[in-house]
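Single-structure report; data block below.
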Amino acid sequence: MLFEHHIRKLFIKHGFIIDEKNKIEFTIPKGNGEANLFPDIIIRHDDKTISIYDVKYKKFKDSVEREDRFQLTSYVAIYSQKYNIKECGFIYPTSHNRENLKQTLKIRNK
């Protein structure tokens, strides 16, 4: 949770408009009722599109784990009923230095 909080703060610091973390907007059925969907990061863009990201605090190996792909696919499928999805993806920790991260965020914010 701390890594996710840090990533959210970085996006906000660099001018991105981020939805609150536990905003209840969609639910999915589960065995005995409904479960709320809470993507880690939803970015609202000026063109009324959104981007959805799932933050993982584990080392990226050769590929994204199957369960993680299904999780993001579920978010995109449900949210695309109401929104145009501009981007989606995963955010993993990296060994790159802070300057590289700042440059990446600066480029993405344009």
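Annotations
- Taking label positions 7 Å along the Cα-Cβ direction at both residue 45 and residue 20, the computed distance is 2.6 nm, reported to one decimal.
- (1) 12, 41, 36, 11, 1; (2) 12, 37, 36, 14, 1; (3) 12, 44, 35, 8, 1, with the label sought being that of the calculated P(r) over Cα pairs in 10 Å bins from 0, in percent: (3)
- Among 18, 78, 43: highest mean-square fluctuation, GNM of the chain, C-alpha pairs under 10 Å: 78
- Computed [θ] at 222 nm, deg cm²/dmol, the chain (DSSP H ≥ 4; -39,500 (n - 2.57); rounded to nearest 500): -10500 deg cm²/dmol
- Long-range amide H partners of residue 26 with built H, under 5 Å: 37
- Residue-wise HN-Hα couplings along the stretch 32-37, as the Karplus relation 6.51 cos²θ - 1.76 cosθ + 1.60 with θ = phi - 60° gives them from phi, are 10, x, 10, 10, 6, 9 Hz; Gly and Pro carry x.
- Cα-Cα over 19 Å, subset of 9/86; 13/82; 21/56; 48/82; 58/82: 9/86; 13/82; 58/82
- Inter-site label distance for residue 80 and residue 68 at 7 Å from Cα along Cβ, in nm: 2.1 nm
- Element breakdown for the chain at a 1.4 angstrom probe: carbon and sulfur atoms account for 52% of the accessible area.
- 3J(HN,Hα) from dihedral phi, the stretch 71-79, Karplus parametrisation 6.51/-1.76/1.60, rounded to Hz, x for glycine, proline: 4, 5, 4, 4, 4, 5, 4, 5, 5
- Cα gyration tensor category, rounded, prolate or oblate, for the stretch 16-77 with a/c compared to 1.5: oblate
- Exposure rank, largest accessible area first [69, 44; 1.4 Å]: 69, 44
- Probe 1.4 Å, protein heavy atoms only - accessible area per residue of the chain in square angstrom: 71 Å²
- Taking GluC sites (Glu not before Pro) across the stretch 1-66, the ones in a DSSP loop with at most 14 further Cβ atoms lying within 10 angstrom of their Cβ are 20, 25, 65.
The values are calculated or read from the model by the stated rules, or taken from the named source; none is laboratory data. Because the structure is a prediction, the values reported are computed rather than measured. Reconstructed Cβ throughout: ideal geometry from the backbone, glycine too, with neighbour counts over all protein chains shown. Quick note on the areas: whole protein, heavy atoms, side chains included, nothing else; ligands and nucleic acids left out. Shrake-Rupley method; radii C 1.70, N 1.55, O 1.52, S 1.80 Å.
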